[in-house]
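Just below is one structure, and these are the notes that go with it.
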Amino acid sequence: MHDDGRYDDPRVTGAGNDPVSRETDYPSWSPGMTGSAEGSPPAARDDRSGSEPPESSTASEPASARRTPEGLSRPVNAAEVRSSSGRRNTAAAVRFEPAVPHQPTAAVVRDAAPVLAEAPVASTESLAAVAADPTYVSRETPTREEDDPPLAMEAMRAVQILNPSGEVTMPRPDRTRVMCVANQKGGVGKTTTTVNLAVALALHGNRVLVVDLDPQGNASTGLNVPHHTGIPDVYDCLINSVPLAEVAQAVEGIPNLWCVPATIDLAGAEIELVSVVARESRLDRAIAAYPGEFDYVFIDCPPSLGLLTVNALVAAQEVLIPIQCEYYALEGLNQLINNINLVRQHLNPKLDVSTILLTMYDRRTRLADAVEQDVRNHFGDKVLQAVIPRNVRVSEAPSYGQSVMTYDPGSRGATSYFEAAQEIAERGVKEPVGRNA
């Protein structure tokens, strides 16, 4: 007989010498006892005789639950009890109860104990410290950065960028910084950079003026400033000598931010400025005659090296060059540097390339990393540590007449531009934060 956990009753099978299963444990049972010994379990009804076996001392114990050496119930399958003729004992099957699910033995529980022991449990020292000092915090407690969910961290960044208190949190320079955002390569992020840097600085206590010198008027659109035909714009300042104060418009919803819009009329300024006296310095004189005081003046240049860009270079003291992280953007950079050097030699000796900003950075590509390394090796410390990644929120914001700083202040694009603005402010500061206007 195979020791498969079955109880083979000798009065059912007729094998009187077959041993009882080693898993059987009945009162007064000992190894070597046969089925006729006292204390043996009740046998099933024998079809051959048609008579019931005599009642035993364990008759009250259910046949479906035999106690094993571990003290746990083990089910007995009635279908396995067969008569000597090989036919299924239907009478025994009727008397047996349905099998119950098998429960783990003590050995299984003991083997699983080391796995349960790996769970973190507070140490006795920590419990004693908490009892002694209610303000005690265990070093095992996760930090705030680890404990806060991503949405909470995004909300914290949004509050930091929007600065609802209106306090001066970015350093203000001791003089007006006129920055020209130029690159003759189109689509590198000149307008986007101008708008978002201006909004970031204005939200944190700086007085900022944006001059839209691009005939497309995208900077005016991003700041939600009207720039349709008939609106006084920068064309009137360059051609008709209209004061800049009469053209500048306050940006709605952003304190300390003004914008000089550009209309389609500016497209003809390139030709009309050819015959004007001192055509290269028209914008410079308009900004110098402004009665107000600004901390920053950003000039958004068109994607060309014409007279409009030359006017911006003459009026500016610093040049901010946004560079897309692709090799096409690097090809035209040499010609831009040559033009800046010519303007410095003949028209504006104070002009300096002070800031390089990498835009549209895609960390998934090796190309972006290679371009970044080339730019940093060539320009050195002039390249900002902040890098503007590709972010769909930055592209969506102009369609709502907003900058990404107000459209989605918790996004990666807004955070990157905020870091770039903070870095620009810290580089040019010479007085502590909180200077009176």
Near pairs, Cβ below 7 angstrom, 6+ apart or cross-chain, from the stretch 357-384 (under 24 Å from G186 (Cβ atoms)) to any residue that is at pLDDT below 95 and exposed (fewer than 14 other Cβ atoms within 10 Å of the Cβ): A368/D362; V371/Y327
Positions within the stretch 410-430 being farther than 22 Å from P149 by Cβ, open to solvent by 70 Å² or more (accessible area, probe 1.4 Å) and in contact with a Pro (Cβ under 8 Å, 6 or more places away or on another chain), in sequence order: E426, K430
Residue check, T309 in contact (Cβ under 8 Å) with a residue 24 or more places away in the chain, more than 30 Å from R412 (Cβ to Cβ) and open to solvent by less than 30 Å² (accessible area, probe 1.4 Å): yes
Number of positions in the stretch 149-186 that are acidic (D, E) and closer than 25 Å to P291 by Cα: 2
Filter result (under 24 Å from the mean Cα position of the chain (by Cα), more than 24 Å from A198 (Cα to Cα) and of a type in the set (G, A, S)) within the stretch 355-406: A368
Enumerated helices (runs of 4 or more DSSP H) restricted to the stretch 328-437, each holding at least 3 residues that are over 24 Å from V210 (Cβ atoms) and out of contact with any Gly (no Cβ under 6 Å at 6 or more places or on another chain): 333-346, 366-379
Pairs, first open to solvent by 60 Å² or more (accessible area, probe 1.4 Å) in the stretch 151-174, second assigned to a helix (DSSP H, G or I), C-beta under 8 Å, six or more apart: R157/A414; R157/T415; Q160/F418; L162/L203; L162/M405; L162/T406
Enumeration of residues in the stretch 172-190 that are closer than 14 Å to A316 by Cβ and of a type in the set (V, I, T): T176, V178, V181
Residue in the stretch 314-328 that is loosely packed, with under 15 Cβ neighbours inside 10 Å, over 18 Å from C180 (Cα atoms) and either among the charged types (D, E, K, R) or out of contact with any Ser or Thr (no Cβ under 6 Å at 6 or more places or on another chain) (or both) present: yes
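One line per residue, one yes/no per condition, for (1) open to solvent by 20 Å² or more (accessible area, probe 1.4 Å); (2) more than 22 Å from E331 (Cα to Cα):
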| site | (1), (2) |
| --- | --- |
| H346 | yes, yes |
| L358 | no, no |
| V375 | no, no |
| V383 | no, no |
| P389 | no, no |
| A397 | no, yes |
| Y400 | yes, yes |
| Y407 | yes, yes |
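The values are calculated or read from the model by the stated rules, or taken from the named source; none is laboratory data. Computed from a prediction, not measured in an experiment: that's the story for all the values here. Using ideal geometry, Cβ is built from the backbone for each residue, glycine included, and neighbour counts are taken over all protein chains shown. The accessibility values were calculated without ligands, DNA or RNA, using every heavy atom of the protein model including side chains. Shrake-Rupley method; radii C 1.70, N 1.55, O 1.52, S 1.80 Å.
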